[in-house]
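Before any comments, here is the structure.
Read the figures in this text as sums done on the coordinates, not as results from a lab. Small disclaimer: the values here were computed from a predicted structure and weren't measured. Using ideal geometry, Cβ is built from the backbone for each residue, glycine included, and neighbour counts are taken over all protein chains shown.
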Amino acid sequence: MISAVGLRERKKEQTRTQIAETARRLFGERGFEGVTVADVAEAADVSQKTVFNYFPTKEDLVYWRLGSFEDELLGAIRDRAPGEPALAAFRRFLLAQRGLLGESDPAAREQLVALTRMITESPALLAREQQILAGYTGSLAALLRKETGAAEDDIAPCVAANAMMGAHAALIAYARRRILEGGSRKRIRDDVRAQGEQALARLEHGLADYATR
């Protein structure tokens with residue numbers, strides 16, 4: 001028997017999804033800048049207050065699924081096997097990410113291209129993305145600091161976290177450029193993975209001999 005709490009949570013998730021999918025449709029039709037929160041609320045048949053209860057900012061209507069990314073990332077680092085470096089766990093987690101590039105449905109490609117173009121053409125979305133990635137970086141640094149017992153004034157956890165998340169951000173930018181250039185999803189996916197492996201290998205081996213003149 002489903003509890004009342006379970007029913008409420010399911011209803012909340014249904015409302016969240018309804019609002020987000022309505023926003024995605026409107027953004028696809030008019031562009032991100034051409035849609036207001038009021039437009040989304042009206043089309044989803046909810047109040048603006050309800051929209052903001054689920055999505056603190058308009059940009060979060062696009063990035064809402066990224067909430068689970070941070071939990072999964074930190075979980076991959078926290079739950080790695082004894083003796084395994086954090087970078088190895090980060091590598092395994094990052095290279096397993098596929099998203100819409102992993103979908104075989106032709107409609108998924110159209111959605112991927114539209115989403116990529118919308119983000120790259122919106123300064124507001126790009127700025128919000130940087131805030132989100134900065135938050136992930138801070139959380140990762142805090143976890144590494146706790147695990148290593150580093151002092152508060154030791155910058156090593158921050159350097160490591162920024163290096164790993166910097167590789168992730170560079171990979172996102174590369175993937176978007178390739179998506180907008182066109183080509184098969186398999187080729188793009190393979191190339192993104194290859195770039196990711198090269199970038200993480202560079203982190204693993206260090207920068208001592210990089211760009212030597």
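Here is how the numbers come out for the structure above:
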{"quantity": "Net length gained if the chain between Ala96 and Gln131 were fully extended (0.36 nm per residue, minus Cα distance)", "calculated": "10.3 nm"}
{"quantity": "Size of charge dipole - region 62-166 - debye, nearest 20, with Cβ of Lys, Arg +1 and Asp, Glu -1, no other charges", "calculated": "180"}
{"quantity": "Theoretical FRET efficiency, 1/(1+(r/R0)^6), r = Cβ-Cβ of Glu181 and Ala107, R0 22 Å, to 0.05", "calculated": "0.65"}
{"quantity": "Test item: Cα-centred dipole of the chain, Lys/Arg +1 and Asp/Glu -1 on Cβ, debye", "calculated": "440"}
{"quantity": "Under 5 Å, built H, 5+ apart or other chain: amide partners of Val46", "calculated": "none"}
{"quantity": "Positive-pole candidate from Asn162, Gln130, Gln14, dipole of the chain, charges at beta carbon", "calculated": "Gln14"}
{"quantity": "Computed [θ] at 222 nm, helices only, for the chain once each DSSP H run of length n ≥ 4 contributes -39500 (n - 2.57)", "calculated": "-24000 deg cm²/dmol"}
{"quantity": "Option label - Cα extents along the principal axes in Å computed here, alternatives [x] 49, 38, 32; [y] 65, 38, 29; [z] 58, 44, 35", "calculated": "[z]"}
{"quantity": "Loop-resident sites, region 39-116, for GluC sites (Glu not before Pro), counting at most 12 other Cβ within 10 Å (DSSP)", "calculated": "none"}
{"quantity": "Estimated FRET transfer efficiency when R0 is 25 angstrom, pair Leu203-Lys146 (beta carbons, to 0.05)", "calculated": "0.75"}
{"quantity": "Prolate/oblate/rounded label for region 1-76 (Cα gyration tensor, a/c 1.5)", "calculated": "oblate"}
